[in-house]
Structures are given as structure tokens and as C-alpha cells.
Amino acid sequence: MFAMSRGISTFIRIVLGILFAAHAIDKFQTGLSNISGWFQTLGLPGFLGYVVAYTELIIGIALIIGLFTRYVSAVVIVIMVGAILTAKLSVGLLGNGQMAGYELDIAYALIALHLIFTETTPLSLDSLFTRKARD
């Protein structure tokens, strides 16, 4: 059972990484200036659009390879809470037909919370550091 749990945690980490990388790539394809403009319509500084896009890409890569998983997962939670509070809370849990709600943001945050508290999995760069620390 323990080995299966670690395998599932590995799968969850990699899939969350792929999804974050996909969101970042979508922002780059949309155009960072457009993303910046959208952030401004929310009353946020436009440069945060650039910061979020690059941060999501770095998070995606880090999760896929399993590097600094706990720290990166904490950043995921911060980004998801920020997205909910600034952009999605007003449209509701399931959205309003024009914009998605925050149900997916909650799911991502909960997955990240799991990754913060779960044991390091063997298929990660983190496992190399924890192995050295134990030896």
C-alpha cells in the first residue's frame, strides 16, 4: 500500500507540473502583453502578468522533475489563493458562463497541499537530496 501511495503522489506531482506548464505556455501564446493588460483590468499591476507566467513555467518544470517540490507547492497555493481572490471569487465556484470559476484553483491548491506534506518520492530530484541527507 505504501509503495502505491508513493506512486500516486509521483503521478499527481508530474500531472500538476504538466498542467502548470501548459497554463504558462498558454499565457506565452496569448501574448504576455495581453496577459499584462488583463491583470490591469483586475486592478493589479501589469507586470504581475509576466511574473505569473514565468513563475507558472518554472513551477511546472520543477514539479515535473521533482525539484524543491514542497517549496514550489507552497508557491502554487499562494498563486491559487491570489487567483481566487483577485479574479474568480466574483464569478462563483463554477463560473458565470463567460469565465471559469475557482473550482479548479481549489483542486490545484489541495493537490499542492498534499505534495507539501507527503513523503519525497523516489522519482524526483528531491529524493537525491534527501538520500544524501540521510546518509
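Numbers at a glance
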{"read-out": "Debye-sum result for the chain in log10 I(q)/I(0), which assumes one identical scatterer on each alpha carbon, at q = 0.15 Å⁻¹", "value": "-0.75"}
{"read-out": "Helix 69-83 vs. the chain, principal-axis angle (Cα, 0 to 90°, nearest 10)", "value": "20 degrees"}
{"read-out": "Among SER127, ALA74, THR86 the positive-end extreme of the charge dipole of the range 74-135 (Cβ point charges)", "value": "SER127"}
{"read-out": "For PHE68, distant residues with modelled amide H under 5 Å away", "value": "ASP126"}
{"read-out": "Principal-axis tilt of helix 2-30 within the chain, Cα atoms, nearest 10 degrees", "value": "30 degrees"}
{"read-out": "Summed side-chain charge close to LEU57 - residues other than LEU57 whose Cβ falls under 12 Å, Lys, Arg +1, Asp, Glu -1", "value": "-1"}
{"read-out": "Stretch gain in nm, segment ILE65-LEU104, where the contour uses 0.36 nm per residue and the Cα spacing is subtracted", "value": "11.8 nm"}
{"read-out": "Rg and Dmax of the range 61-135, Cα atoms only, in Å", "value": "15.6, 55"}
{"read-out": "Calculated [θ] (222 nm, deg cm²/dmol) that DSSP helices of n ≥ 4 give over the chain, each run adding -39,500 (n - 2.57)", "value": "-24000 deg cm²/dmol"}
{"read-out": "Label point distance in nm, TYR54-VAL75, each placed 7 Å from Cα along Cα→Cβ", "value": "1.1 nm"}
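Any read-out appearing in this document is the output of simple, stated calculations on the displayed coordinates, not a laboratory observation. Predicted model only: the values in this text are computed from it and were never measured. Backbone-built Cβ (ideal geometry, glycine too); neighbour counts: all protein chains shown.
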